[in-house]
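Student: Sharing a structure, written as structure tokens. Questions coming.
Computed from the coordinates by the stated procedures, all read-outs in this text should not be read as laboratory data. A quick note: this is a predicted structure, and the numbers were derived from the prediction, not measured. A quick note on method: Cβ atoms are made from the backbone with ideal geometry, for glycine too, and the neighbour counts reach across all protein chains shown.
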Amino acid sequence: MAHLDPQSAEVLVFTFKDGSLLSALAHDLKLKVTKFGLEVEADSVKAELDAASLELVTAMKDGKENPGALPGFAPAEIRKNTANDVLEAKKFPTIRFETTQITDAQVRGRLTLHGQTREVNGERRDAGGKKIAEFRFDQRAFGIKPYSAMLGALKVKPEVVVRVAFSA
């Protein structure tokens, strides 16, 4: 069994702005989980992630990194809003995932997020010497209300993408 952490693996979360009234002020975001552990065996993966450890990597535009698009206060504000308002990390401090099936093209497992456990399916691939799994799911399925501000004029779409990558 291999134990992986942020020095040997990467967990990224992508959020997408909603086409709302102030969508020109909103941004798609690339976040990273900075505290986690993965237990990897040939046919299974178990993960435990710290819900309060998401940090902003960069804003995204049309699927590409868009550094400098956000004001200087944004990283701290995004971290605070993600931990407190979206994930409620004080109440639900740990996110867990355990695979139930891994094939050459797919990963299936149980994700416990925001105190609720659901089955999730992801795509699996090998690229650049890394094993990559990517999951798309609606955060509302876990009882999470997508982030909004300015009386709902600034909103995040319910669907998020989580990408896990580690060296093969």
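Student: Using beta carbons and a limit of 6 Å, which pairs, at least six apart or on different chains, have the first residue in the stretch 124-149 and farther than 13 Å from residue 14 by Cβ and the second one outside any helix (DSSP H, G or I) and β-branched (Val, Ile, Thr)?
Tutor: 124/107; 125/132; 133/107; 133/164; 146/156; 147/156
Student: Also, I was wondering about something else. So in the stretch 26-46, with the set limited to residues that are in a strand (DSSP E or B) and under 13 Å from the mean Cα position of the chain (by Cα), which one is farthest from residue 99 (Cα to Cα)? Write out each step before concluding.
Tutor: Looking only at the stretch 26-46, we keep the residues that are in a strand (DSSP E or B), and these are 28-33, 36-41, 44-46.
Now narrow it down to the ones that are under 13 Å from the mean Cα position of the chain (by Cα): 28-33, 36.
On the way: 28: 28, 29: 26, 30: 24, 31: 23, 32: 21, 33: 19, 36: 16 Å.
So, considering only residues that are in a strand (DSSP E or B) and under 13 Å from the mean Cα position of the chain (by Cα), the one farthest from residue 99 (Cα to Cα) is 28.
Student: Do we find that residue 76 is touching a strand residue (DSSP E or B) at 6+ places or on another chain (Cβ under 8 Å) and outside any loop (DSSP other than H, G, I, E, B) in this structure? It would help to see each step written out before you state the result.
Tutor: Details: touching a strand residue (DSSP E or B) at 6+ places or on another chain (Cβ under 8 Å): no; outside any loop (DSSP other than H, G, I, E, B): yes.
Spelling it out, it is not the case that residue 76 is touching a strand residue (DSSP E or B) at 6+ places or on another chain (Cβ under 8 Å) and outside any loop (DSSP other than H, G, I, E, B).
Student: Sticking with this one: Identify all residues within the stretch 95-116 that are of a type outside the set (A, V, I, L, M) and touching a Leu at 6+ places or on another chain (Cβ under 7 Å); write none if there are none.
Tutor: Residues of the stretch 95-116 of a type outside the set (A, V, I, L, M): 96-101, 103-104, 106, 108-110, 112, 114-116.
Those that are of a type outside the set (A, V, I, L, M) and touching a Leu at 6+ places or on another chain (Cβ under 7 Å): 97, 114.
Student: Within the stretch 85-104, how many residues are outside any strand (DSSP E or B), closer than 15 Å to residue 139 by Cα and of a type in the set (D, E, K, R)? If you could, list the steps in order and put the result at the bottom.
Tutor: Taking the stretch 85-104 and keeping what is outside any strand (DSSP E or B), we get 85-93, 103-104.
Checking the rest, the ones that are also closer than 15 Å to residue 139 by Cα come to 85-89, 92.
From what is left, the residues that are of a type in the set (D, E, K, R) are 85, 88.
Qualifying residue count for the region: 2.
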